[in-house]
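The values are calculated or read from the model by the stated rules, or taken from the named source; none is laboratory data. In this text the structure is predicted, and so the values were computed from the model without any measurement. Because the Cβ atoms are built from the backbone with ideal geometry, glycine has one as well, and the counts that use them run over all protein chains shown.
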Amino acid sequence: MIRVHCGCPLRKAESTLQSLSPSTILVVDDEELYRRAVERILLRVGHQVAMAPDAAEALQVVRSERIDLVLCDIQMPGINGLELVRQIREIEPDLPCIVMTGYNTPENSVEALRAGAFWYLEKPFEQERLEVVRQLIDKAIEHGRVKNENRQLHTQLQSRHKFDSIIGKSQSLGRTLSIVEKVADTESTVLITGESGTGKELVARALHYNSRRAERPLVTVNCGAIPEELLESELFGHVKGAFTNAISHREGRFALANGGTIFLDEIGDMSPNLQVKLLRVLQERTFEPVGSSKTQKVDVRVIAATHQNLPKLIETGGFREDLFYRLNVLPIEVPALRERIEDLPLLVHHFLDLARQDRGSRVQGVTDEAMQRLMDYHWPGNVRELENLTERLTVLVGEGDIELEDLPAQVRAEPTIQCWAPRVPASGIDFNAVVGRFESELIEQALDHTHWNKNRAAGLLGLNRTTLIEKIKKRGLTPPDED
């Protein structure tokens, strides 16, 4: 491949190339003299070398072996070097190719780069150019490795946010994911609602990474975590001198998300002033940085999320009704953990697996008694609370299984049923109606606590299972999923 004159001292060439990092290099040239000369140099400095006399054999090597770099001549019988580079790019997009030519012209150089070559070299080259060759080979190999690592990282990132990476098999979660799958590849604005800790950001990421914008940025802004006076600059950027300490121009999150998705978490915490400006972005796809009169256009998909009841905020004047309707084009509600409690064992084992993989935890599982108590707990912090608790327990328990006594007091406590005690007014009451309401309330609380496990609900109430079933039928009670 590299033309070495017969009088060229190989020892000097080997010494010059000594800093090359070990890699597998494929040398493609129809002249055996060049192939063998380059092979000796590269082998002596620790490289593995594969050789091919033509493009057809080179393609077989690329398909069957792991190659870090291809060095190929342009002028070869059959398929020339430029067409070889094009075909290699189709097989291995991240594999760098350096082409060599004895007829270096601007046209050849441009054509080589257009074909996908990393760079090109003129041959023959003299002894003093060996250092340039060494640096170029090092750069090409490193470039290929970085591209490959980035591609793998991007693939892993996407796979983490596929629908099947959201843990759970309950009907309530299934309904949510069904909506996510239907709306992911649209351009419509999405409003995600649900209690704190339910995984609204995970849903937003699933929406982005399963959309046509997946290759573009996903920019997240927590509107509740940034002070109001800074949030406008954070969203829209500012120009130099716009306010005190604005010593330079700064792009905002909308500009950074251009072409991709912006996720506005806790949108209910946004001030009325900023709500007006956000409404304009949604309507016109334009904004002005703080301190600037220049209008910028932006192409972003907006996904918003909140744990607050926006219709109630509208009633009290805390949220603009027109903005709500702009955001609520495609609403998605994420169920609370207590509404999909059958997913809890799956989540616990998932978090334990992560602890073993990421932190070398030796905790293997959870005893049946402890798992039952976890399922009885009401989980006000939802999945986030469960994840934090699982991490804490893996540290404290150390190894083996998590047992009932390892759980915190508030989780370990027996579930209680709350009931009300009516007062008898001076005008009297309908005794049978009040008792009936009281009985229905007790039954519904027991069923809620046990997630409609009739055996356990009957045990909490001290009733036979058949008696409880008769009372459920008499009152027409149905599980939430069947309403």
Legend entry - Residues satisfying the stated conditions in the range 369-386, i.e. of a type in the set (Asp, Glu) and in contact (Cβ under 8 Å) with a residue 60 or more places away in the chain: ASP376, GLU385
Inset, instruction - Would you mind stating whether ASP430 is at pLDDT 85 or above, out of contact with any Phe, Trp or Tyr (no Cβ under 9 Å at 6 or more places or on another chain) and acidic (Asp, Glu)? - result: no
Inset, instruction - For the range 104-119, indicate whether the set of residues that are part of a loop (DSSP other than H, G, I, E, B), surrounded by 15 or more Cβ atoms within 10 Å (Cβ to Cβ), at pLDDT below 80 and among the hydrophobic types (A, V, I, L, M, F, W, C) is non-empty. - result: no
Inset, instruction - Kindly check whether there is at least one residue in the range 278-292 that is part of a strand (DSSP E or B) and crowded, with 17+ Cβ neighbours inside 10 Å. - result: yes
Inset, instruction - For the range 334-348, name all the residues that are surrounded by 18 or more Cβ atoms within 10 Å (Cβ to Cβ) and outside any loop (DSSP other than H, G, I, E, B). - result: LEU337, GLU339, ARG340, ILE341, ASP343, LEU344, LEU347, VAL348
Inset, instruction - Considering only residues that are loosely packed, with under 15 Cβ neighbours inside 10 Å and among the acidic types (Asp, Glu), look in the range 56-103 and name the one that is farthest from LEU136 (Cα to Cα). - result: GLU57
Legend entry - Test for ASN328: is it in contact (Cβ under 8 Å) with a residue 40 or more places away in the chain, touching a strand residue (DSSP E or B) at 6+ places or on another chain (Cβ under 6 Å), farther than 30 Å from ALA370 by Cα and surrounded by fewer than 18 Cβ atoms within 10 Å (Cβ to Cβ): yes
Inset, instruction - Out of VAL290, VAL298, VAL281, report the one residue that is over 17 Å from ASN222 (Cβ atoms) and in contact with a Lys or Arg (Cβ under 7 Å, 6 or more places away or on another chain). - result: VAL298
Inset, instruction - Could you please let me know if ARG392 is of a type in the set (Lys, Arg), at pLDDT 85 or above, in a helix (DSSP H, G or I) and outside the structural domain of VAL203 (by TED's automatic domain parsing)? - result: yes
Inset, instruction - Would you check which residues across the range 360-377 are assigned to a helix (DSSP H, G or I) and out of contact with any Lys or Arg (no Cβ under 8 Å at 6 or more places or on another chain) and list them? - result: ASP368, GLU369, ALA370, MET371, GLN372, LEU374, MET375, ASP376
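Kindly provide the set of residues from the range 139-176 that are among the charged types (D, E, K, R) and either closer than 30 Å to VAL383 by Cβ or modelled with pLDDT of 80 or more (or both), ordered by number. Walk me through it before giving the result.
Pass one, the range 139-176, residues among the charged types (D, E, K, R): 139, 142, 145, 147, 149, 151, 160, 162, 164, 169, 175.
Selection gives LYS139, GLU142, ARG145, ARG160, LYS162, ASP164, LYS169, ARG175.
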Inset, instruction - Scan the range 349-357 and give yes if some residue there is surrounded by 19 or more Cβ atoms within 10 Å (Cβ to Cβ), touching a residue at least 60 places away in the same chain (Cβ under 8 Å) and under 27 Å from the mean Cα position of the chain (by Cα), otherwise no. - result: no
Legend entry - Only one of ILE192, ILE226, ILE262 that is part of a loop (DSSP other than H, G, I, E, B), of a type in the set (Val, Ile, Thr) and in the same structural domain as ILE303 (by TED's automatic domain parsing): ILE226
Inset, instruction - Report yes if some residue within the range 268-280 is touching a His at 6+ places or on another chain (Cβ under 9 Å), touching a residue at least 24 places away in the same chain (Cβ under 8 Å) and not β-branched (Val, Ile, Thr); otherwise report no. - result: yes
Legend entry - Single condition LEU274 does not satisfy, out of (1) outside any helix (DSSP H, G or I); (2) touching an Asp or Glu at 6+ places or on another chain (Cβ under 8 Å): (1)
Legend entry - Residues satisfying the stated conditions in the range 301-333, i.e. touching a helix residue (DSSP H, G or I) at 6+ places or on another chain (Cβ under 6 Å), over 18 Å from GLU266 (Cβ atoms) and either in a loop (DSSP other than H, G, I, E, B) or not assigned by TED's automatic domain parsing to the domain that holds ILE262 (or both): none
Legend entry - the range 452-473 residues that are closer than 21 Å to ILE341 by Cα, paired with ones that are of a type in the set (Ser, Thr, Tyr) (beta carbon under 7 Å, 6 or more apart): ARG456/THR450; ALA457/THR450; LEU460/THR450
